[in-house]
1. How high is the relative contact order of the range 37-162, given as a whole-number percent (alpha carbon pairs under 8 Å, six or more residues apart)?
2. List the aspartates and glutamates whose Cα sits under 12 Å from the Cα of K157, skipping any in the same chain fewer than 8 residues away.
3. Working out 0.36 nm times the residue gap between D83 and T64, then minus their Cα-Cα distance, what length gain in nm do you get to one decimal?
4. Using the Cα atoms as the points, what is the convex hull volume per residue of the range 65-162 in Å³?
5. Apply 1/(1 + (r/R0)^6) to the Cβ-Cβ distance of D100 and F155, taking R0 = 22 Å, and write down the FRET efficiency to the nearest 0.05.
6. Residue-wise, which Karplus ³J(HN,Hα) couplings in Hz belong to the range 112-129, taking 6.51 cos²θ - 1.76 cosθ + 1.60, θ = phi - 60°, and x for glycine or proline?
7. Give me the one-decimal nm value for the distance between modelled label points at D54 and E115, 7 Å along each residue's Cα-to-Cβ direction.
8. Using amide H atoms built in the peptide plane, which far-off residues or other-chain residues are under 5 Å from R80 H to H?
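What follows draws every value from the coordinates through simple rules; no lab data is involved. Keep in mind the model is a prediction, meaning the values are calculated, not measured. Note that we place each Cβ from the backbone using ideal geometry, even for glycine, and neighbour counts take in every protein chain shown.
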Amino acid sequence: MRLGNGAASQAVADGWKVKNLRGAIAALLTFLGFFLGTGAPAKAQFAVCNQTIDAINLAVATETRGVFSSEGWWTIGANRCVDVIKEELVSRYIYVYATDVFGQPVLSGDFAGHEMCVGPKKFLIEATDSCWQRGYQAVRFMEVDTQAMIRWTLFLKDPDSS
């Protein structure tokens with residue numbers, strides 16, 4: 001069966017295109033909503049940016065219910081940032097320890113912090129006691145006050161820079 005009016009035939013064809021276009025747009029918006037909403041990776045909650053001229057190795061520590069745990073290592077190139085903690089921060093204080101590529105501490109001076117354990121390779125260590133007896137090294141981590149924010153970025157700079 002053929003429609004006798006060419007204009008009506010075009011209107012039906014255009015109506016079909018509009019329905020399909022609307023459907024395609026709705027499907028695309030649904031897909032993008034899912035991807036950007038629940039399917040996308042979370043934004044960094046604690047990031048460290050290395051604004052020095054050398055690569056650094058970084059370890060972090062947090063305290064949960066009175067027990068410290070330290071984790072490392074992240075290698076951060078010069079003028080690069082790394083997402084270290086991906087969940088929203090629940091503790092006001094995060095602790096960091098950084099070394100240069102030769103293993104020498106980068107953070108120096110008089111700063112608030114705690115002595116905690118680090119390992120020679122990738123590690124996750126609970127508690128701060130008996131580091132040497134457990135095969136780890138005891139080092140002083142610098143305390144970073146995040147002011148109870150859920151996201152924080154720490155910028156490490158050369159001591160000479162302002």
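1. Contact order relative to length: 33 percent.
2. Within the straight-line limit of under 12 Å, K157 reaches these aspartates and glutamates: D54.
3. 4.8 nm
4. It is 127 Å³ per residue.
5. 0.80
6. Those phi angles translate into 5, x, 9, 7, 9, 9, 9, x, x, 10, 3, 8, 9, 10, 9, 6, 10, 8 Hz.
7. The modelled label-to-label distance comes out at 2.4 nm.
8. It is N50, by chain and number.
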